[in-house]
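Worksheet for the structure shown next.
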There are 2 protein chains.
Amino acid sequence: MGVFSRTCEYAMRAVFFIAHRTPDGSRVGIKDISEGIDSPAHFLAKILQDLSRRGIINSAKGPNGGFYMTEENLSRPLSDVVEAIDGVQIFKGCALGLKQCSVKNPCPLHHEFKAIRNDLTKLLNGTSIKSFNEDLLNGMTSLKK
Amino acid sequence: MGVFSRTCEYAMRAVFFIAHRTPDGSRVGIKDISEGIDSPAHFLAKILQDLSRRGIINSAKGPNGGFYMTEENLSRPLSDVVEAIDGVQIFKGCALGLKQCSVKNPCPLHHEFKAIRNDLTKLLNGTSIKSFNEDLLNGMTSLKK
DNA sequence: ACAATTAAAGAGTTTTATATCTTTAATAAA
DNA sequence: TTTATTAAAGATATAAAACTCTTTAATTGT
């Protein structure tokens, strides 16, 4: 596995996909999303239920229902998605998994690893979903599988 | 989970522990190691078998046997341990898990994430186990659980 | 040769992550 | 008010990671 769990990868891809597809308040269904991001539909449904419950995305049932994102949703940092799924360990945890690890009692990787974690935090915490989406909309980036 | 799998955390801790305890060519047993790094003994045994097979550490059976590290072992980069257990995804993979992701077809995180991955690679690939161990030996860092 | 010690190997079990299938509830439109 | 459509929820199923237990093989010292 990479840095994030597979579930978290699906979640991020889905969020970008929804943002990309619902700029105007329209909705996009689970089928379209799961095909668009190449993930198992039912599994993704669970993930989106979770994100929806947490207010990271929005959903509506019934005909013309589906998932969508408001300006409020778009203004959130991507770290909200990661934290919702994978938790905070990736932003805070010791590389070696030591509980005692700290500046006062650093593990062999502590200082250098902290710098890397901080960069990751800055990237995910400091950038809104909206701004990632702008690059997607103007074709500078892509979600091609 | 953090950036590395639990198995990989154990592996790194064990490698540091062995290096720390066998500076002179002596050996240290699985019991001591697993207690020293707070990991399940039998599970760690499997991990160390694997590292031993790959030549990352050494072992000897019988009385006064155990695990140890030679100068050759110590000169290797820590990335060898990580790669042996977790593979290369963490150094090379797309943050969103996309196969097509590349400079020519970048995902929304591509450029910034690549910089972070490169820093991680530089840290693990560019630093020998020995040099991490030196900090441990002179008390600048610790493996306290 | 024998007994003791140690890692290696093999064969599980348990837990967590990932994935699937079915039923229910909400909503919209006819 | 009925039907169609959609997400939510519930219940399993499968696969992978983490962990345990038992047996075997190698080595040492007596």
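The values are calculated or read from the model by the stated rules, or taken from the named source; none is laboratory data. Source: prediction; values computed, not measured. Cβ: placed from backbone, ideal geometry, glycine included. Neighbour counts: every protein chain shown. Just so you know, the surface numbers come from the protein's heavy atoms only, side chains and all, with ligands and any DNA or RNA stripped out. Shrake-Rupley method; radii C 1.70, N 1.55, O 1.52, S 1.80 Å.
Each row is one residue, and each column tells you yes or no for (1) among the polar types (S, T, N, Q); (2) touching a Cys at 6+ places or on another chain (Cβ under 9 Å); (3) away from DNA strand C (no atom under 11 Å from the Cβ).
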site	(1), (2), (3)
B:33	no, no, no
B:48	no, no, no
B:56	no, no, yes
B:73	yes, no, yes
B:93	no, yes, yes
B:100	yes, yes, yes
B:104	no, no, yes
B:108	no, no, yes
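Where residues in segment A:1-10 are in contact with a Ser or Thr (Cβ under 9 Å, 6 or more places away or on another chain) and away from DNA strand D (no atom under 11 Å from the Cβ), which of them is nearest to residue B:85 (Cα to Cα)?
This residue is A:9.
Out of A:99, A:104, which single residue is open to solvent by 20 Å² or more (accessible area, probe 1.4 Å), more than 17 Å from residue B:123 (Cβ to Cβ) and at the interface with chain B (Cβ under 9 Å from one of its Cβ atoms)? Spell out how you get there, then give the answer.
Numbers: A:104 fails: at the interface with chain B (Cβ under 9 Å from one of its Cβ atoms).
Sole residue among the options that is open to solvent by 20 Å² or more (accessible area, probe 1.4 Å), more than 17 Å from residue B:123 (Cβ to Cβ) and at the interface with chain B (Cβ under 9 Å from one of its Cβ atoms): A:99.
Give me the pairs, please: first residue somewhere in segment A:1-27 and closer than 12 Å to residue A:38 by Cα, second residue anywhere and more than 13 Å from DNA strand D (Cβ to nearest atom) and outside any loop (DSSP other than H, G, I, E, B), beta-carbon distance under 6 Å, and either six or more positions apart or on two chains.
Within 6 Å, the pairs are A:11/A:81; A:11/A:85; A:13/A:37; A:14/A:37; A:17/A:37.
The rows are residues; the columns are (1) within 14 Å of the chain's Cα centre (by Cα); (2) within 7 Å of another protein chain (Cβ to nearest Cβ); (3) within 21 Å of residue A:10 (Cα to Cα).
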site	(1), (2), (3)
A:44	yes, no, yes
A:56	yes, no, yes
A:60	no, no, yes
A:71	no, no, no
A:78	yes, no, yes
A:95	no, yes, no
A:125	yes, no, yes
A:141	no, yes, yes
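What are the residues in segment A:80-93 that are without any contact (Cβ under 8 Å) to a residue 60 or more places away in the chain and facing another protein chain (nearest Cβ under 7 Å), if any?
Here is the first cut: in segment A:80-93, the residues without any contact (Cβ under 8 Å) to a residue 60 or more places away in the chain are A:80, A:83, A:87-89, A:91-93.
Answer for segment A:80-93, where residues must be without any contact (Cβ under 8 Å) to a residue 60 or more places away in the chain and facing another protein chain (nearest Cβ under 7 Å): A:89, A:93.
Out of B:26, B:39, B:34, I need the residue that is more than 17 Å from residue B:129 (Cα to Cα) and in contact with a Leu (Cβ under 6 Å, 6 or more places away or on another chain). Which one?
Values: B:26 fails: in contact with a Leu (Cβ under 6 Å, 6 or more places away or on another chain); B:39 fails: in contact with a Leu (Cβ under 6 Å, 6 or more places away or on another chain).
B:34 is the lone residue from the list that is more than 17 Å from residue B:129 (Cα to Cα) and in contact with a Leu (Cβ under 6 Å, 6 or more places away or on another chain).
For segment B:103-123, which positions are of a type in the set (A, V, I, L, M) and farther than 21 Å from residue A:130 by Cα?
Listed by number, the residues that qualify are B:103, B:115, B:116, B:120, B:123.
Kindly evaluate residue B:78 against the criterion of being more than 16 Å from DNA strand C (Cβ to nearest atom) and open to solvent by less than 40 Å² (accessible area, probe 1.4 Å).
Criteria met by residue B:78.
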